[in-house]
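Each remark here refers to the structure printed beneath this line.
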Amino acid sequence: MIRKSDFAVTTVIVLSFALFFSCGKVKTPSRDNIPLIKERLAKLQVGVLNKNAAEIDSVLSVDILKRNESSDSLLKLVFGPDGSFAFESFGQAVIVYTDKAAQVECYIMDKNHLVDRPLTLTFTFKTGEWLLNGFRIGHSSGDSI
C-alpha cells in the first residue's frame, strides 16, 4: 500500500523532472540574426541620412503600409515637420529579437548625440530577410516583441 506522503514525494519528483526536461527544449534564437539586423539598421540609417525614399523602401515590409507608415512618414518623423533636424544616426541601439521578429530601441541623434529622441523600430523576418515592419517614438515599457 502506498502512503499519501510517498505519493506526494513521487509526484513532486516526477513533476520536477518533467519541468527540467521541458525547459531544456526552449530554443534560443540564432545569434547569426544580430549582424543581419544591424546591417538592416545601417542600411535604413544611410537611406534616412541621404533622405533617399527608394533606399528606405528597400528595407520596408509591405505590412508597414497597413499602419499608414512609409519612407516619407519616417523621414518626417526623423527630420521634423519643417525638415530642419540635423540627423546623424540611430544611436545607442539595443536589439531584442526572436527568429521571426526584432525590436530595436535607439535614439534619433544629431552631432550632439543627445538621447532625448527615443525611437523603437520593429523588424520581421519575411521572405528570407529582415524588413522594417513599424516604428514609433519612444521606447517600450517592457513590451515583448
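The values are calculated or read from the model by the stated rules, or taken from the named source; none is laboratory data. Just so you know, these numbers come straight off a predicted model, no measurement behind them. In this analysis, Cβ positions are derived from the backbone assuming ideal geometry, glycine residues included, and neighbour counts consider all displayed protein chains.
Observations
- Selection from segment 39-75 of residues that are touching a Gly at 6+ places or on another chain (Cβ under 9 Å) and of a type in the set (Ser, Thr, Tyr): Ser58, Ser61, Ser71
- Apart from one condition, Lys76 fits all of (1) outside any loop (DSSP other than H, G, I, E, B); (2) touching a strand residue (DSSP E or B) at 6+ places or on another chain (Cβ under 8 Å); (3) not polar (S, T, N, Q); the exception is (2).
- Residue in segment 84-99 that is crowded, with 18+ Cβ neighbours inside 10 Å, within 18 Å of Ala53 (Cα to Cα), touching a helix residue (DSSP H, G or I) at 6+ places or on another chain (Cβ under 9 Å) and aromatic (Phe, Trp, Tyr) present: yes
- Looking across Ser71, Ser61, one residue alone is surrounded by 14 or more Cβ atoms within 10 Å (Cβ to Cβ), of a type in the set (S, T, N, Q) and under 18 Å from Thr127 (Cα atoms). It is Ser61.
- Scope segment 109-130; condition crowded, with 16+ Cβ neighbours inside 10 Å and within 18 Å of Ile64 (Cβ to Cβ); matching residues: Leu119, Thr120, Leu121, Thr122, Phe123, Thr124, Phe125, Trp130
- Test for Thr98: is it under 12 Å from the mean Cα position of the chain (by Cα) and hydroxyl-bearing (Ser, Thr, Tyr): yes
- Residue within segment 131-138 that is under 28 Å from Pro29 (Cα atoms), free of Cβ contacts under 8 Å to residues at least 40 places away in the same chain, surrounded by fewer than 16 Cβ atoms within 10 Å (Cβ to Cβ) and of a type in the set (Gly, Ala, Ser) present: yes
- Note on segment 1-68: enclosed helices (runs of 4 or more DSSP H) holding 2 or more residues that are modelled with pLDDT of 95 or more and closer than 16 Å to Leu132 by Cβ are 33-49, 53-57.
- Total residues in segment 127-139 satisfying the condition of being out of contact with any Asp or Glu (no Cβ under 7 Å at 6 or more places or on another chain) and either at pLDDT below 90 or closer than 17 Å to Lys76 by Cα (or both): the figure is 5.
- Residues satisfying the stated conditions in segment 108-122, i.e. more than 16 Å from Gly47 (Cα to Cα) and either of a type in the set (Asp, Glu) or modelled with pLDDT of 95 or more (or both): Asp116, Arg117, Pro118, Leu119, Thr120, Thr122
- Filtered residue count, segment 87-119, keeping only those that are assigned to a loop (DSSP other than H, G, I, E, B), under 21 Å from Ile56 (Cβ atoms) and in contact with a Phe, Trp or Tyr (Cβ under 8 Å, 6 or more places away or on another chain): 3
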